[in-house]
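Any read-out appearing in this document is the output of simple, stated calculations on the displayed coordinates, not a laboratory observation. Just so it is clear, the model here is predicted, and its values are computed rather than measured. Cβ placement follows ideal geometry from the backbone for every residue including glycine, while neighbour counts extend to all protein chains displayed.
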Amino acid sequence: MFTVPPPKPVPAPTADVRGHHTQVPCIDSQALLGPRGEVHIVHQGQLYRLRITSLGKLLLTK
C-alpha cells in the first residue's frame, strides 16, 4: 500500500454552488485529484478509484 498526503481543503464558502448554506466542507476537485486527475480512496477496507473522465465527469470505481 502507498501513502499519499491528504489534500489541502480550500476555504469553505458560506454557500454551496447552488447558493444554499451548508456546513459540509468544500474541496476543489483539482486539489483533491491533483495533476494526475485521480485519487485512490480506502473505505471500510475496500479500495476505490476516483478519477476525471475524458469528458470531464467524475467517476468512482471499485
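How large is ³J(HN,Hα) for each residue in segment 42-58, as worked out from phi by the Karplus curve 6.51 cos²θ - 1.76 cosθ + 1.60 (θ = phi - 60°), to whole Hz, x for Gly and Pro?
Couplings: 9, 10, 6, x, 9, 9, 10, 10, 10, 9, 8, 7, 5, 8, x, 8, 8 Hz.
Can you tell me the order of 44-53, 24-33 when each peptide is scored by its average per-residue count of other Cβ atoms within 10 angstrom, highest first?
With the highest mean Cβ count within 10 Å placed first, the list reads 24-33, 44-53.
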